[in-house]
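Asker: Here you go, one structure.
The values are calculated or read from the model by the stated rules, or taken from the named source; none is laboratory data. Because the structure is a prediction, the values reported are computed rather than measured. Positions of Cβ are backbone-derived with ideal geometry, glycine not excepted, and every protein chain shown enters the neighbour counts. Protein only, heavy atoms only, side chains kept; ligands, DNA and RNA dropped before computing areas. Shrake-Rupley method; radii C 1.70, N 1.55, O 1.52, S 1.80 Å.
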Amino acid sequence: MEMQQAPTRHRRVTTDVTAQSDSPLPDGFLDAFWRYDEALLANEVAELDKLFESSHHTLRADANAILEGHAAISEFRAARPDRPTRRIARLWTRVLSDELVYSTAEVRTGAGAAGLQTQLWRRTDHGWQITAAHVTPPSKPVESTIWRVVGAPLIAGASTGRLSGETVAVKDLFAVAGVARSGGVKEYLAEQDPQTESADAVLRLLTAGASVTGVTHTDQFAFGLAGQNADWGTPVNLAAPTRIPGGSSSGSASAVRHGWSSIGLGTDTAGSIRVPSSYQGLWGFRPTHGAVSTDGVLALAPSFDTVSWLTRDPATLRAVGGVLLPDDTAPVPMRAAWSPDVNAAAEPSVREQVEHAARILDADELPALPDLAAWTAAFRTVQAHEAWAAHGTWLTTHPGSVADDVASRFAAGREITDDEVSAAWETIRAARATMTELLTGRFLVLPTVGSPIPRVNATAAEVDEHRRSTLRLTSLASLAGFPAVTIPALALDDAPLGISLVGTAGTDRAVLELAQRAGKELGV
């Protein structure tokens, strides 16, 4: 076996690394290999693009996703928020021909954790380029963008029960016995003592046999829909690696999508379960307001806060409902309905898919609705006012503790007057009456979100604009206090897109049952 030393001019990143090859390496290969490694560690995206073959068939795979095509790989790399910190410890190569070389490198972190980097290199008109790659990154003790506290399990459930064998990822708004609560804010966490007992919803799941895997991150004080946390980072969206994961229940959604828990327990005030479910191809449910106790849950806007959950399949979604929902929310017959006015809040490509789904579900068309923009504005007024009431005092004494975008939403709530709140409630009460009249005996079919998922490297302004457009859809169920379920039935721009069903107050079990049937009709 021939041992070839890495070129001297790349000594900065390749000290004492040799290439163990079955035969002499073709000219220029090692130079290209180490050039790639330097560019990777420096996150030089343009140089990395040059070293991947420009083809629709180029592959890059890891535990999270398989990316096909130079463009998709480039987009993923450009959106990556951090750069690798590992070094190559050993390198093996197999020369397949003068034009093809297979390489496997063992990589290690400074702490000694090991991973692998495997590549197939091809000599092209542009020199040596990667045509296929697979990365097994060094293992982490815990995925810190998802979990704040994790165990095996953290708290064991009862030995028997309706949810025996299920596992729960709990959003860091819920009291979990023995664990301090952060609300997604590091500075807030520093002042908290461990909780003496778990929130009511957590206790009921434990009693039903589910075990708590751990506590997951949330957007700061749950006042967001993006899943981006300035203190703990952004989880990877396995369903669309170049897109944000959605929030504010991003940690619970990501834990379920990774397969680390079967149930994600979260909250939904303005879509915080439905949005990450839509982004990550999951089933998510928001119950009738007040149907599930919020005892032990850190509030954002109590008039709209709900204990909510998400899963990978509808059967588990219904099973959780069987434990948490009151017995009086019995199934009732309901017909599908859709609203051109509601769909108009979505982009044309989304509207077309939802209208097609409505036809499959034999949905009735609802009559024209009043000004939906006024409904959304009223919802946002009350939500922001209550959010400031819940956290304004603490934020005032802790300036700079939350990200600028979160701080601006709280600041808006500080400026809202009592008269503005009263006027907003008049609008909300009228909206509730209208929706109750129109949807009695029906369920509304609508997009969960109205446009493609923002990319990880989207600007703050782009993410905020998407949030505003999303609220025009998600706030309907929130302001009415109605149950809503999102089904992973659609796709847009190679990413998941949920379709939602909304029923009237108290029809929770019917909505869950309808969602499972509708999913089958829509091919889920």
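Asker: Can you give the longest stretch of the chain with no exposed loop site, where a site means GluC sites (Glu not before Pro) in a DSSP loop (not H, G, I, E or B) with at most 13 other C-beta atoms within 10 Å? Show your work: numbers first, answer last.
Answerer: Values: sites that count: 99, 191, 197, 415.
With GluC sites (Glu not before Pro) excluded where exposed in loops, the chain gives 198-414 as its longest stretch.
Asker: How many times 2.2 N^0.38 Å is the alpha carbon radius of gyration of the chain?
Answerer: That ratio works out to 1.06.
Asker: Taking a probe of 1.4 angstrom, what is the accessible area of residue 30 in Å², to the nearest 10?
Answerer: Estimated to the nearest 10 Å², residue 30 gives 20 Å².
Asker: Give me the distance between the Cα centres of segment 195-227 and segment 33-73, rounded to whole Å.
Answerer: Computed from Cα coordinates, the inter-centre distance equals 38 Å.
Asker: Measure of size requested: the Rg and Dmax of segment 172-244, with Cα atoms as the atom set and Å as the unit; please supply both.
Answerer: Considering segment 172-244 through its Cα atoms, Rg and Dmax are 13.9, 40 Å.
Asker: What are the ³J(HN,Hα) values, in whole Hz, obtained from phi via the Karplus relation 6.51 cos²θ - 1.76 cosθ + 1.60 with θ = phi - 60°, for each residue of segment 346-355 in sequence order, with x given for Gly and Pro?
Answerer: 9, 5, x, 5, 6, 4, 4, 5, 5, 5
Asker: What does the C-alpha gyration tensor say about the overall shape of segment 371-472? Classify as rounded when a/c is under 1.5, otherwise prolate if a/b is larger than b/c, or oblate.
Answerer: It is oblate, given that a/c is not under 1.5 and a/b is not larger than b/c.
Asker: Roughly how many whole Å is it from the C-alpha centroid of segment 92-171 to that of segment 390-425?
Answerer: Using only Cα atoms to place each centre, the spacing works out to 41 Å.
Asker: For labels at residue 162 and residue 423 in the simple 7 Å Cα→Cβ model, what's the distance in nm?
Answerer: It works out to 4.6 nm between the two label points.
Asker: Let me ask something additional. Quick one: accessible surface of residue 139, probe radius 1.4 Å, all protein chains present, in square angstrom to the nearest 10.
Answerer: Accessible area of residue 139: about 90 Å².
Asker: Taking 0.36 nm per intervening residue step and subtracting the Cα-Cα distance, what contour gain separates residue 100 from residue 327 on full extension?
Answerer: Full-extension gain reported as 75.2 nm.
Asker: Another question about this same structure. Whose amide H sits under 5 Å from the amide H of residue 443, counting only residues 5 or more places off or on another chain, with H placed in the peptide plane?
Answerer: The list, which skips near neighbours in sequence, is 335, 336, 337.
Asker: At a probe radius of 1.4 Å, what is the per-residue accessible area of residue 189, in Å² to the nearest 10?
Answerer: Using a 1.4 Å probe on the heavy atoms, I get roughly 40 Å².
Asker: Here's something else I'd like to know. Scaled to the compact-protein estimate 2.2 N^0.38 Å, what is the alpha-carbon radius of gyration of segment 421-483, rounded to two decimal places?
Answerer: Its radius of gyration relative to the 2.2 N^0.38 Å reference: 1.38.
Asker: Another one. Share of the chain's accessible area from carbon and sulfur, percent, 1.4 Å?
Answerer: 51
Asker: With θ set to phi - 60°, apply the Karplus curve 6.51 cos²θ - 1.76 cosθ + 1.60 along segment 186-193 and write out the HN-Hα couplings as whole Hz, x wherever there is a Gly or Pro.
Answerer: Result, rounded to whole Hz: 4, 5, 5, 4, 4, 9, 9, 8.
Asker: Residue-wise, which Karplus ³J(HN,Hα) couplings in Hz belong to segment 122-128, taking 6.51 cos²θ - 1.76 cosθ + 1.60, θ = phi - 60°, and x for glycine or proline?
Answerer: Taking θ as phi minus 60°, the curve returns 10, 7, 10, 5, 9, x, 6 Hz for segment 122-128.
Asker: Give the separation of the Cα centroids, segment 453-492 to segment 257-272, in Å.
Answerer: So the two Cα centres are separated by 15 Å.
Asker: Average the reciprocal distances over every distinct pair of alpha-carbons in segment 226-361, invert the result, and give the Kirkwood radius in Å.
Answerer: Radius from the Kirkwood sum: 16.3 Å.
Asker: Debye calculation, C-alpha points only, no solvent: report log10 I(q)/I(0) for segment 56-195 at q = 0.16, 0.21 Å⁻¹, in the same order as the q values.
Answerer: Relative scattering, expressed as log10 I(q)/I(0), comes to -0.99, -1.29.
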